[in-house]
Each structure stands twice: as structure tokens, then as C-alpha cells.
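To start, the structure under review is shown below, and the notes come after it.
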Amino acid sequence: MVKKKTTTKKATKTAKKKRVQTRAPGMTQISISLPADLIDRIDVLASEENRNRSNFIATALEKVTE
């Protein structure tokens, strides 16, 4: 006999609960597609400057748009 796995309301509710993300005031999250090799180069440069990818890209875009 195969035992069916049951889930409680609490388990189901927890699974559906979205993770709350907080970001600095005035910041907007966007999604873009970039070639994998470009991401690799960005990650190396960001790491060398001890920054995360998002910060590195935002700073580069600030410089380009000045």
C-alpha cells in the first residue's frame, strides 16, 4: 500500500508565501537579457571592485548617461 503524502494548510500557506524583498528607496527592479559571456566579464570586474553585479551595472550606466 502506497501512503499518500498529506499537506497541512500551514505548509501550503507557507509554500505560497512570497519572499519580501526590500530595496533602497527610489530603486526599481528591472529585468534584461544579456549574453552569458558579457555577464561573466561583468562578474569578474564587479568582483575585482568588491561590488555586486547590480551595483556595477548601475554605476556603469550612470557614467554612460551623464
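Need a quick list: helices (runs of 4 or more DSSP H) entirely within the chain having at least 1 residues that are modelled with pLDDT of 90 or more, of a type outside the set (S, T, N, Q) and open to solvent by less than 100 Å² (accessible area, probe 1.4 Å).
36-48, 53-64
What are the pairs, 6+ residues apart or on separate chains, where a residue within region 40-66 that is within 18 Å of residue 27 (Cα to Cα) has its Cβ under 6 Å from a residue that is modelled with pLDDT of 95 or more and loosely packed, with under 13 Cβ neighbours inside 10 Å?
none
The values are calculated or read from the model by the stated rules, or taken from the named source; none is laboratory data. Small disclaimer: the values here were computed from a predicted structure and weren't measured. Every residue, glycine among them, receives a Cβ derived from its backbone with ideal geometry; neighbour counts consider all protein chains shown. Protein only, heavy atoms only, side chains kept; ligands, DNA and RNA dropped before computing areas. Shrake-Rupley method; radii C 1.70, N 1.55, O 1.52, S 1.80 Å.
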